[in-house]
Amino acid sequence: MDIRQAAQIEAARKIIEDIVGDKGLNLLINNEGAMRRLGFPEITEEDLLFHFSTNTVGPVMVLKTMLPLLQRAADRKSGGMNASRAAALNISSMAGSIEQLTEQTPKEFLESMGYRTSKTALNMAMRVVALTIKEKGILVVNMCPGWVKTDIGSERGQLEVTESISSVLKTLAQLDESHHGTFLDRNGKTIPF
């Protein structure tokens, strides 16, 4: 689906609801991602809006639309937060860490200004969501899968897709309420916002 289109998000929700029914949705993986390489001062308003609509606004709207399904799943179980009860895993990026962007960052990594700022905004948006819905029993976590060999990561990526996914899934199974609203790497290590 194109997560920039409300009608497509709603259509996906209906499909998911037909599958999960009253049991609800235990896990939403918000795996959005688009990147164009433009730095400053070449950056354009259109480029920034493209990145924000795809990498920030889209995931927030997907989570908002799927929230009732996640809530159904969370309400079926008691106890703490975890992925088997109800969770929203938002795929972010180390590129969204303000603290880790330093003068030592290679200049070529600054050429993706729209991507970087949209991932930073995603991290903040999901932190706000996490604090807002904390009492609902739905775990909300942002995670960087690593530099993966994908269309965005290119062949220069350090990880194969299968390596990244297996680490993410292993970590996801270990998360609990102490990880609610955090920004983690694929191995569970905290990434500074």
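The values are calculated or read from the model by the stated rules, or taken from the named source; none is laboratory data. Here the structure is a predicted model, which is why all the values come from computation and not from measurement. So basically every Cβ, Gly included, is an ideal-geometry build from the backbone, and we count neighbours across all protein chains shown. Ligands, DNA and RNA are stripped out before the accessible areas are found, and what is left, the full protein with its side chains, is counted by its heavy atoms. Shrake-Rupley method; radii C 1.70, N 1.55, O 1.52, S 1.80 Å.
Identify the residue in segment 36-46 that is under 9 Å from M113 (Cα atoms) and in contact with a strand residue (DSSP E or B) (Cβ under 9 Å, 6 or more places away or on another chain) and, among all such residues, is least open to solvent (accessible area, probe 1.4 Å). Break it down into steps so the answer makes sense when it comes.
If we filter segment 36-46 for residues that are under 9 Å from M113 (Cα atoms), which is where we start, we get 36-40, 43.
With the extra rule that they be in contact with a strand residue (DSSP E or B) (Cβ under 9 Å, 6 or more places away or on another chain), the set shrinks to 36-39.
Working: R36: 90, R37: 131, L38: 56, G39: 9 Å².
It comes out as G39.
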Answer from G153, G146, G157, G137 - the residue that is among the small types (G, A, S) and either at pLDDT 95 or above or surrounded by fewer than 14 Cβ atoms within 10 Å (Cβ to Cβ) (or both): G137
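Can you pull out every residue in segment 17-28 that is surrounded by fewer than 16 Cβ atoms within 10 Å (Cβ to Cβ) and among the aliphatic types (A, V, I, L, M)? So that I can check it myself, show each step before the final result.
Filtering segment 17-28 down to residues surrounded by fewer than 16 Cβ atoms within 10 Å (Cβ to Cβ) leaves 18-23, 27.
Correct list: I19, V20, L27.
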The helices (runs of 4 or more DSSP H) lying entirely within segment 1-116 that contain at least 3 residues which are under 23 Å from T171 (Cα atoms) are 58-76
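Out of all the residues in segment 46-58, is one or more in contact (Cβ under 8 Å) with a residue 40 or more places away in the chain and among the acidic types (D, E)? Even if it seems obvious, please write down each step before you answer.
Within segment 46-58, the subset in contact (Cβ under 8 Å) with a residue 40 or more places away in the chain is 47-48, 50-58.
Subsequent filtering for residues that are among the acidic types (D, E) retains 47.
For segment 46-58, residues in contact (Cβ under 8 Å) with a residue 40 or more places away in the chain and among the acidic types (D, E): present.
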Which of the numbered conditions does N82 fail, given that it passes all the others? Conditions: (1) under 24 Å from E177 (Cα atoms); (2) touching a Pro at 6+ places or on another chain (Cβ under 7 Å). (2)
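Can we say L131 is in a helix (DSSP H, G or I), in contact with an Asp or Glu (Cβ under 8 Å, 6 or more places away or on another chain) and either open to solvent by less than 30 Å² (accessible area, probe 1.4 Å) or farther than 20 Å from L49 by Cβ (or both)?
No; evaluated as a whole, the condition is false for this residue.
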Per the filter on segment 59-82, residues open to solvent by 60 Å² or more (accessible area, probe 1.4 Å) and hydroxyl-bearing (S, T, Y) are S78
